[in-house]
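**Student:** Once you've had a glance at the structure underneath, I'll fire off some questions.
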Amino acid sequence: MTQQQAAAGPDTVLECDGVCRWFGGLQALKGISLSVRQGEILGLVGPNGSGKTTLVNAITGFYPPQEGSIRFLGEPIQGLKPHRIARQGIARTFQNVALFKGLSVLDNILLGRHIFMRPSSLASLFYWWWAQREEVKHRLRVEEIIDLLQLEGVRDEPVEVIPLGLQKRVELARALCAEPRFLVLDEPMAGMNQEEKEYMVRFILDARDAMGVTMLLIEHHMDVVTAICNRAVVLNNGEKIAEGPTREAINDPAVVTAYIGKMQDAA
Amino acid sequence: MFYRLSGIKHTRYVSARALWPIPADRRILYVLGALALLAPVLLSDLYLTSYMLPWLIWTAAALSLTLLMGMAGQLHFGFAAVLAIGAYTSIHLTRAGVPFELALLGAGLSSAVIGSAFGAAALRVKGLYLVMATLSMQYLVEWVIVNVPAISGGAQATLNTPDVRFLFVPLQSDASLYYMALLWTVVVTLLLLNIRRSSFGRALVAVRDKDFAAAVIGVNPVRFKLLAFFVSSFLGGVTGAILAFCYYQAVTPEQFGFNVSIQLVAMVLVGGLGSVIGAYLGAGFVLLLPILLTNLLAGAAQIDWLPISFNLIAHIPLMVYGALIIGVILFEPLGLAKIYDNLRKYFLVWPFRHTQS
């Protein structure tokens with residue numbers, strides 16, 4: 001354990017050490033250790049049910065790990081409530097879009113600023129003298145993100161009427177508005193066509209360059225993973241089976257076996 | 001055409017987030033506001049005190065409930081108990097010599113504290129189970145009021161409201177009572193509209209829709225569920241006090257029974273969950289429609305258009321009323337507010353037909 005910590009340099013943003021999680025008799029995570037370095041995009045891949053999302057849920061506090069530790073910028077965060085972890089500077093998007101229906105795209109993105117705002121009913125009552133200035137101040141920041149992700153056209157639409165590709169982008173915008181140090185993207189390209197995928201890749205790279213945010217990317221599209229991830233970690237059955245520079249990691253024989261079974265001599 | 005959008009360009013974020021950015025909406029509002037202010041002059045005393053006044057107060061009650069049920073998504077089937085706590089607290093406070101302004105505040109606070117204590121159940125349960133928890137509030141509060149003589153003034157007792165002044169204006173004439181109710185309803189309306197466009201309201205909606213996604217952006221679901229109960233019960237408590245002082249002027253526990261809770265839920269649902277204008281329409285529908293139907297039928301019977309028994313005349317309005325409630329919900333599940341919205345959108349793009357959403 002101490003070795004792992006020593007190995008993690010000062011530029012480590014997130015560090016998982018021996019993270020275990022059981023659901024009843026099923027051990028979904030079997031002592032996962034990984035570290036994410038400042039400024040990189042780390043790919044997290046693995047077959048279905050390998051524990052990728054469970055690991056992310058452990059990091060963001062939904063399923064706190066029963067064993068092991070998770071450190072964010074050196075501070076232990078395992079066991080904290082999700083909203084506390086969010087305030088520490090970890091944001092995430094969800095595999096199946098988790099936007100708030102009934103609110104406009106703009107309101108959804110404004111919610112990303114929640115941790116910087118001081119919501120209260122009294123401020124709302126005296127809106128013109130109290131809440132308005134804060135709203136405008138954060139609107140300015142939100143508009144920058146809207147510019148960055150090219151969402152100007154759908155700003156005022158109800159979020160449920162826009163296409164899935166845009167919804168995923170709105171979710172990314174909402175996460176970026178919290179100005180996170182560390183962003184978890186859970187399958188941001190699921191269900192997208194090639195063009196939407198390429199847009200999304202562009203936006204993810206833009207966001208990293210513009211905001212310096214470190215990312216963990218869960219994705220099944222290997223072309224995307226090899227294109228934008230600096231390193232990759234491969235999970236299978238709750239165990240880490242490979243880690244390293246992206247191409248090396250996903251060409252590892254153990255990874256190929258996990259995905260498509262034993263390699264035949266002929267193949 | 002009627003709601004012209006051409007030429008409305010927002011160059012500042014403040015104006016883009018104005019409550020009524022479209023001039024046509026503002027014009028309708030000016031007219032309605034003027035009518036509301038002139039109501040004591042325009043309407044006879046009967047219409048003012050037995051139609052307009054209760055309509056406004058029940059609208060305030062429906063608005064308080066729609067904040068909780070519509071925006072925050074927490075079901076509450078015991079809201080009459082919240083009103084009752086406010087009504088009894090304000091009466092006892094004013095009787096003890098506390099100024100009416102402070103008594104209103106006290107009414108709101110006591111309702112808010114007790115209301116959020118029961119609302120704590122919402123932290124554990126949702127949906128039908130929360131309905132049961134809030135129903136228990138209805139019966140517990142009712143039982144306590146009836147059985148504690150210090151509160152109800154004894155078995156079968158009626159508590160008269162003392163004469164009070166609000167900001168140096170004695171609340172005695174019909175007009176002053178009406179303006180008091182109007183003031184409160186306008187305050188609640190503006191509060192709800194402002195909550196909806198500020199961070200507080202967004203957080204409530206976030207917790208309602210997906211509490212896990214709310215948590216991941218830093219919204220504490222526990223805190224905002226409790227705050228929803230607190231604010232909504234506070235508004236309900238003050239509304240209860242206004243109801244007691246401006247309308248009933250004498251309170252008994254029966255005025256805040258279970259059927260009142262159900263009526264409030266009906267107002268919110270028929271009007272449209274979470275909608276501000278829906279609260280006005282819903283309260284009007286639930287409160288005024290039965291009266292209107294009864295008057296219509298009685299009038300028709302009087303001039304021998306309806307040769308039927310008195311018994312039937314008394315019951316037909318109830319049947320029609322029930323059918324109308326079902327009809328509205330079937331025709332437009334989002335309530336009267338959505339019907340209004342559809343009409344508005346129709347005129348917004350007239351003579352074209354298509355609108356998004």
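**Student:** Restricting attention to the range B:175-191, which residues are more than 9 Å from every other protein chain (Cβ to nearest Cβ) and crowded, with 17+ Cβ neighbours inside 10 Å? Walk me through how you get there before you give the answer.
**Tutor:** Here is the first cut: in the range B:175-191, the residues more than 9 Å from every other protein chain (Cβ to nearest Cβ) are B:175-186, B:188-189.
Listed by number, the residues that qualify are B:Leu177, B:Tyr178, B:Tyr179, B:Met180, B:Ala181, B:Leu182, B:Trp184, B:Thr185, B:Val188, B:Thr189.
**Student:** Related question: What's the number of the only condition in (1) farther than 14 Å from A:Tyr127 by Cβ; (2) within 7 Å of chain A (Cβ to nearest Cβ); (3) among the small types (Gly, Ala, Ser) that B:Ser199 fails to meet?
**Tutor:** (1)
**Student:** Do you know which of the residues in the range A:84-106 that are within 7 Å of chain B (Cβ to nearest Cβ), of a type outside the set (Gly, Ala, Ser) and touching a residue at least 40 places away in the same chain (Cβ under 8 Å) is surrounded by the fewest Cβ atoms within 10 Å (Cβ to Cβ)?
**Tutor:** Residue satisfying both the conditions and the ranking: A:Lys101.
**Student:** Go through the range A:121-147 and report how many residues are buried (at least 17 other Cβ atoms within 10 Å of the Cβ), facing chain B (nearest Cβ under 7 Å) and either out of contact with any Phe, Trp or Tyr (no Cβ under 9 Å at 6 or more places or on another chain) or farther than 19 Å from B:Gly73 by Cβ (or both).
**Tutor:** Counting residues in the range A:121-147 that are buried (at least 17 other Cβ atoms within 10 Å of the Cβ), facing chain B (nearest Cβ under 7 Å) and either out of contact with any Phe, Trp or Tyr (no Cβ under 9 Å at 6 or more places or on another chain) or farther than 19 Å from B:Gly73 by Cβ (or both) gives 7.
**Student:** Hey, which of the helices (runs of 4 or more DSSP H) in the range A:67-127, taking only ones fully inside, have at least 1 residues that are basic (Lys, Arg)?
**Tutor:** A:82-88
**Student:** So is B:Tyr88 of a type in the set (Phe, Trp, Tyr), more than 18 Å from B:Leu227 (Cβ to Cβ) and buried (at least 16 other Cβ atoms within 10 Å of the Cβ) or not?
**Tutor:** Spelling it out, B:Tyr88 is indeed of a type in the set (Phe, Trp, Tyr), more than 18 Å from B:Leu227 (Cβ to Cβ) and buried (at least 16 other Cβ atoms within 10 Å of the Cβ).
**Student:** I've got another one for you. Please work out which residue is surrounded by the most Cβ atoms within 10 Å (Cβ to Cβ), limiting yourself to the range A:50-73 and to residues that are farther than 17 Å from A:Leu235 by Cβ and more than 14 Å from chain B (Cβ to nearest Cβ).
**Tutor:** Restricting to residues being farther than 17 Å from A:Leu235 by Cβ and more than 14 Å from chain B (Cβ to nearest Cβ), the top hit is A:Phe72.
**Student:** One residue is enough: does the range A:148-157 have a residue meeting the conditions within 24 Å of B:Leu193 (Cβ to Cβ), within 8 Å of chain B (Cβ to nearest Cβ), part of a helix (DSSP H, G or I) and in contact with a helix residue (DSSP H, G or I) (Cβ under 7 Å, 6 or more places away or on another chain)?
**Tutor:** Among the residues of the range A:148-157, not one is within 24 Å of B:Leu193 (Cβ to Cβ), within 8 Å of chain B (Cβ to nearest Cβ), part of a helix (DSSP H, G or I) and in contact with a helix residue (DSSP H, G or I) (Cβ under 7 Å, 6 or more places away or on another chain), which makes the answer no.
**Student:** Also, quick follow-up: Might you check whether a residue that is buried (at least 24 other Cβ atoms within 10 Å of the Cβ), assigned to a helix (DSSP H, G or I) and within 14 Å of chain A (Cβ to nearest Cβ) occurs anywhere in the range B:252-275?
**Tutor:** No - not one qualifying residue is present in the range B:252-275.
**Student:** Turning to a different aspect of this structure: Which one is surrounded by the fewest Cβ atoms within 10 Å (Cβ to Cβ) among residues in the range A:108-120 that are more than 19 Å from B:Val231 (Cβ to Cβ) and at the interface with chain B (Cβ under 7 Å from one of its Cβ atoms)?
**Tutor:** Once the filter is applied, the top-ranked residue is A:Ile115.
Every number here is computed from the coordinates shown, using simple stated rules; none is lab data. The shown structure was predicted, so the numbers you read here are calculated from the model rather than taken from an experiment. Neighbour counts are summed over all protein chains in view; Cβ atoms, including those assigned to glycine, are modelled from backbone coordinates with ideal geometry.
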